[in-house]
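The values are calculated or read from the model by the stated rules, or taken from the named source; none is laboratory data. Just so you know, these numbers come straight off a predicted model, no measurement behind them. In this analysis, Cβ positions are derived from the backbone assuming ideal geometry, glycine residues included, and neighbour counts consider all displayed protein chains.
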Amino acid sequence: MKTIFDPVSLGKLRLKNRLIRSATWEALADEDGHMSEELFAQYERLAAGGVGAIITGFTSVADDDHYFEGMARLSRDELIPEHQRLTKLIHAHDCPVIVQLALGEYNGAHRNMTIDSMSAADIAAVRGSFIAAAVRAEKSGCDGVQIHAAHGFFLSRFISPAYNHRTDEYGGSAENRARLIVEILRGIKASAPSLHVTMKINGSDFIRGGLTPDDCAAVCALCARSGLDSVEISGNGTSVPGIRAGVNEAYFRGLAAPLARQLSIPVILVGGHRSIDCMERLLNETQIEFLSLSRPLVREPALPARWKSCDRAPSRCVSCNACYSTPGHRCIFSR
């Protein structure tokens with residue numbers, strides 16, 4: 001019987017348990033992408049709290065990306081030393097580090113260019129920025145990178161028929177819309193071969209004309225054949241409020257479970273995990289192998305250690321989402 005505390009392998013990475021900290025926006029970097037001391041302190045608490053691996057909050061691959069404020073960046077070599085510091089800090093607690101590489105907006109001829117208006121040179125520039133950032137992540141000692149293709153970020157829009165109406169080789173079928181991600185993936189594998197490469201993707205966009213579960217399956221299968229090491233399944237409409245243990249947990253399970261049966265790579269499920277019983281039932285009733293958490297670790301960074309110490313009470317997170325309105329996105333109940 002699988003448990004959340006099984007020592008497991010995620011590709012080449014060795015994890016002390018199946019719990020992964022899902023990338024979370026902290027808004028604790030300056031405009032140039034330099035990380036604050038408070039951000040280092042947050043990761044220190046998370047790593048010490050016993051989680052099996054950490055996916056860092058979205059880290060922009062571009063200097064001129066202002067999609068969200070406070071984003072860390074890996075867009076310039078001068079940022080490598082502080083990412084080295086972050087990696088060493090987390091590794092000190094026997095915890096692998098995966099950096100989520102993201103692009104919110106592409107600013108070429110004008111700010112926040114649409115997918116349809118991009119030239120071949122624009123697409124090449126995006127591809128190059130992701131690959132260069134991954135190389136910097138490898139130089140920083142990171143164990144992996146996550147390609148952020150979910151939650152309305154640039155690559156999420158690129159693969160979605162709601163935003164991509166191109167008629168060239170980058171538009172039309174799900175395979176064509178996934179072409180840029182596949183090119184990024186192959187470029188990372190060639191240029192930074194030591195890295196575990198995962199991807200975060202919407203199982204569904206939940207909007208009219210958006211990415212469907214069938215589209216998601218096609219993109220994931222194509223990426224798996226192109227060398228992707230794992231995939232984290234999410235969806236638009238994240239951070240659902242009102243989650244209660246044993247009642248409405250794991251709200252993307254219906255999207256992730258069929259994919260886990262189809263794919264040859266590990267599937268990570270995010271969204272609404274609150275209790276050990278529900279998580280372990282999911283591990284044993286499906287082929288999902290890993291569970292990622294965000295808000296529960298905002299409320300309790302040491303939640304995995306608490307659970308391992310035999311205090312099996314569910315997460316204290318009440319899913320109020322008030323943390324998103326606080327400086328540094330801290331829980332209002334634990335300040």
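Worth a mention:
- The single condition among (1) under 15 Å from the mean Cα position of the chain (by Cα); (2) buried (at least 22 other Cβ atoms within 10 Å of the Cβ); (3) polar (S, T, N, Q) that Ser239 does not satisfy is (2).
- Per the conditions (1) modelled with pLDDT of 95 or more; (2) in a loop (DSSP other than H, G, I, E, B), the sole criterion not satisfied by Arg127 is (2).
- Of the residues making up region 229-280, those that are among the small types (Gly, Ala, Ser) and under 14 Å from Pro213 (Cα atoms) are Ser234, Gly235, Gly254, Ala256, Ala257, Ala260.
Here's the yes/no breakdown for (1) over 26 Å from Arg299 (Cβ atoms); (2) of a type in the set (D, E, K, R); (3) without any contact (Cβ under 8 Å) to a residue 40 or more places away in the chain:
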residue: Asp214; (1), (2), (3): yes, yes, no
residue: Ser226; (1), (2), (3): yes, no, no
residue: Asp229; (1), (2), (3): yes, yes, no
residue: Asn236; (1), (2), (3): no, no, no
residue: Pro241; (1), (2), (3): no, no, no
residue: Glu249; (1), (2), (3): no, yes, yes
residue: Ala256; (1), (2), (3): no, no, no
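- Ala150 surrounded by 21 or more Cβ atoms within 10 Å (Cβ to Cβ), touching a helix residue (DSSP H, G or I) at 6+ places or on another chain (Cβ under 7 Å) and among the small types (Gly, Ala, Ser): yes
- Restricted to region 213-271, and to residues there that are over 17 Å from Ile55 (Cβ atoms) and of a type in the set (S, T, N, Q), the residue that is modelled with the lowest pLDDT is Asn236.
- The set of residues from region 278-295 being under 21 Å from the mean Cα position of the chain (by Cα), surrounded by fewer than 22 Cβ atoms within 10 Å (Cβ to Cβ) and not in a loop (DSSP other than H, G, I, E, B) comprises Leu282, Leu283.
- Taken across region 157-175, residues that are assigned to a loop (DSSP other than H, G, I, E, B), of a type in the set (A, V, I, L, M) and farther than 14 Å from Gly210 by Cβ do not occur at all.
- If the condition is being touching a residue at least 60 places away in the same chain (Cβ under 8 Å), surrounded by 20 or more Cβ atoms within 10 Å (Cβ to Cβ) and closer than 22 Å to Ala29 by Cβ, then region 296-335 contributes Leu297, Val298, Pro301, His329.
- Looking only at residues in region 310-324 that are hydroxyl-bearing (Ser, Thr, Tyr) and either at positive phi or in contact with a Lys or Arg (Cβ under 7 Å, 6 or more places away or on another chain) (or both), the one that is modelled with the highest pLDDT is Ser315.
- Subset tally (residues that are touching a Leu at 6+ places or on another chain (Cβ under 9 Å) and part of a strand (DSSP E or B)) for region 9-68: 10
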